[in-house]
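Everything below concerns the one structure shown next.
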Amino acid sequence: MKKKKSKETKTYLLKEIRKLKKKCLKLWSENVRWRSGYRCAFCGSTEYLHSHHIEDVRLCPALRYEPRNGICLCARHHKFGRGSAHKSFIAMYTYMTTKRVSDLTYLLEHRNDKVLEYEYGAQSTIAQLNILKEYLVTKIGELRNERRC
């Protein structure tokens, strides 16, 4: 006879949080592409689209799920081309300062915000993990509602 897994264990909560993070990132990516009209911001291509974080999430975790911190790029402009976002800082800087000044201002204002997700790790208590879970569920709701507005 198999034992039922308790939903109150730390392992179960961490597994749920991983799933919620993945879902949140998928919704963020979809919102970034939707905001750009499913076109590459640099060349207008509609094939092989990727969502790229403008501000690195390791440096600024509070903007990880913020659609304003994203740009829709084709594969060439995302990773592979000479002036791609991953290879050329100047290309991204030029684009942001000429075409998305309001988003750039927003990113600068919120660059140092704190976020629950990165304050908790494996040493977290069950109560802290439940707070993080609620935060991610709320974020998923916000990302879903953004496209409906």
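The values are calculated or read from the model by the stated rules, or taken from the named source; none is laboratory data. Because the structure is predicted, anything quoted here is derived from the model rather than measured. Positions of Cβ are generated from backbone atoms using ideal geometry, with glycine treated the same way; all protein chains shown enter the neighbour counts.
Points to keep in mind about this one:
- Test for residue 134: is it surrounded by fewer than 17 Cβ atoms within 10 Å (Cβ to Cβ), among the acidic types (Asp, Glu) and closer than 21 Å to residue 16 by Cα: yes
- The residue pairs whose first member lies in region 112-137 and is within 13 Å of residue 9 (Cα to Cα), whose second member is at pLDDT 85 or above, and whose beta carbons are closer than 6 Å, counting only pairs six or more residues apart or on different chains, are 129/13.
- In the condition set (1) out of contact with any Leu (no Cβ under 8 Å at 6 or more places or on another chain); (2) farther than 30 Å from residue 131 by Cα; (3) of a type in the set (Gly, Ala, Ser), residue 85 is compliant with all but (1).
- Tally of residues being assigned to a helix (DSSP H, G or I), in contact with a helix residue (DSSP H, G or I) (Cβ under 7 Å, 6 or more places away or on another chain) and modelled with pLDDT of 90 or more across region 10-55: 11
- Test for residue 99: is it over 30 Å from residue 15 (Cβ atoms), modelled with pLDDT of 85 or more and among the basic types (Lys, Arg): yes
- Some residue of region 75-97 being touching a Phe, Trp or Tyr at 6+ places or on another chain (Cβ under 6 Å), farther than 23 Å from residue 34 by Cβ and in contact (Cβ under 8 Å) with a residue 24 or more places away in the chain: no
- Selection status of residue 51, surrounded by 19 or more Cβ atoms within 10 Å (Cβ to Cβ) and without any contact (Cβ under 8 Å) to a residue 24 or more places away in the chain: yes
- Of the listed requirements (1) of a type in the set (Asp, Glu); (2) at pLDDT below 90; (3) out of contact with any Leu (no Cβ under 7 Å at 6 or more places or on another chain), residue 117 misses just one: (3).
- Exclusive hit being of a type in the set (Lys, Arg) and at pLDDT 90 or above, set 58, 64: 64
- Scanning region 76-89 for residues that are out of contact with any Ser or Thr (no Cβ under 9 Å at 6 or more places or on another chain), within 20 Å of residue 44 (Cβ to Cβ) and assigned to a helix (DSSP H, G or I) turns up 79, 80.
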